Amino acid sequence: MPSIDEYIQANGERFEQELCDFLQIPSISADPDYAEETVRAANWVADQFRRLEFATEIIPTTGHPLVYAESPQVPGAPTALVYGHYDVQPVVPLEKWDSPPFEPAVRNGNLYARGATDDKGQLLTHVKAVEAWLETEGNLPLNLKFLIEGEEEVGSEGLEAFLGEHADKLACDCVVISDGSQFAPGKPAVTYGLRGIVCFELHVHGPDHDLHSGSFGGSVTNPANAMAQILAGLIDAQGKIQIPGFYDDVLPLSDREREAFAALGFDEKAYFAEVGVDTATGEAGYSTLERRWARPTFDINGMWSGYQGEGAKTVLPAMAGVKFSFRLVPKQNPEKIEAGLRQRLKELTPPGIRLELTSMHGGAGTMVALDSPYVAAASRAIEHAFGCPPVYTREGGSIPIVAEFAERLQADALLIGWGQDDDNAHSPNEKFSLADFHRGIKASARLWKELGEMKQ
């Protein structure tokens, strides 16, 4: 498709500027102070589709709005649903950013800003691929639907409700999602598996007010001590999670998968150097990639109790709190995990302590068959844009709505991320390679061709 590829190259600088415009909108979905900015981001996305003459709607939810857009119908052609999100993570700690998070800056071929790779930059590749088709060919070779949400970073409640009521509106042959990473620089990937997630907040209550640790210590259970004991009881020294029934539904890794992971040439030493640690850890009997991609985990995400100021203050705190999450593998059920967790917490609770457990957002993991014709189409498109065939990987992160799409739409998901593992998604100095941004547009444009040629 030389005319389309030439159009993408000729308009590359404008595409970058439009991405910068998008990144300047601080659409932080978790912070109510930014509610107006999330609406502004939704309108920005909707305007992109209106310029392409797509039928476009901004759909209210109980939280941030959805943007839905649909291309003019191509009778008899396949239909792809493109999913993405315009919301971004908070930017704290702000002092760790080398440049302001909502003032995009280019350094060493990378564009730095919150949302650059997660997910504004990757989302925009699909929009610009549509523009390239329409400006050069006049029409698309398939039917496209776009569903862009503003709550991915906070659990997708509005989207889940919409999907439950309007699955017929979203009917498609496959779902295209770019919200992840390549395996490594120069090694693009098709991701065929995602872990699920379930998140909790636990409050550990003891006395009705802080006490003097000298006068009361040893006679009243300390909630902070109790919390440490409880959390330690959820996982053993070999990395096995100590919750009844936790591993009942875990699919074992096949020999084929283990061999394929081992053949990827993963540089474990460089991986640990990148994150600033000196050794591997985790569940016994598994490699680092297997632990990251295909085994369930338990992680404390934040904890607090007692005095936090300068110097000493010898209190026995009245309460301790913790946020923690479990990453789940396909077939594990979040509701079943929660039931087992509640049972285990009762077993671990010491005398004089009352627990208050709040379940937050969650979602199941998902797998796509590697012999899917849609995976083959994506592989050809990626090879066209990147100059090499993709490798096939699983991903330790979670996109809970993917499992909902698979269940409700009965459609394969194509997980084709253009980012890199070191893009600092959710961290200071988030970035996106501009070269990969342009390759992503080219790959997406080719994907429309490959999908459009598939027989119905």
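The values are calculated or read from the model by the stated rules, or taken from the named source; none is laboratory data. Computed from a predicted structure; not experimentally measured. Neighbour counts are summed over all protein chains in view; Cβ atoms, including those assigned to glycine, are modelled from backbone coordinates with ideal geometry. Each accessible area value is taken on the protein alone, full model and side chains, heavy atoms only, with ligands, DNA and RNA left out. Shrake-Rupley method; radii C 1.70, N 1.55, O 1.52, S 1.80 Å.
Quick notes on this structure:
- Scanning segment 1-39 for residues that are within 23 Å of Glu450 (Cβ to Cβ), under 28 Å from the mean Cα position of the chain (by Cα) and surrounded by 17 or more Cβ atoms within 10 Å (Cβ to Cβ) turns up Ile8, Phe15.
- Only one entry of Val368, Val329 meets the criterion of being out of contact with any Asp or Glu (no Cβ under 8 Å at 6 or more places or on another chain), closer than 25 Å to Glu157 by Cβ and buried (at least 21 other Cβ atoms within 10 Å of the Cβ), and that entry is Val329.
- Count of segment 264-304 residues which are at pLDDT 95 or above, open to solvent by 30 Å² or more (accessible area, probe 1.4 Å) and over 17 Å from Val329 (Cβ atoms): 4
- Just one residue in the set Leu289, Leu355 is within 30 Å of Lys442 (Cβ to Cβ) and either in contact with a strand residue (DSSP E or B) (Cβ under 8 Å, 6 or more places away or on another chain) or of a type in the set (A, V, I, L, M) (or both); that residue is Leu289.
- Restricting Ala69, Ala42, Ala80, Ala55 to residues that are open to solvent by 10 Å² or more (accessible area, probe 1.4 Å) and among the small types (Gly, Ala, Ser) narrows the list to Ala55.
- Matching entry among Glu137, Glu160 (being under 20 Å from Leu415 (Cβ atoms), charged (D, E, K, R) and surrounded by fewer than 24 Cβ atoms within 10 Å (Cβ to Cβ)): Glu160
- Of the strands (runs of 3 or more DSSP E) contained entirely in segment 346-421, those carrying at least 2 residues that are over 15 Å from the mean Cα position of the chain (by Cα) and within 19 Å of Phe261 (Cβ to Cβ) fall at 391-395.
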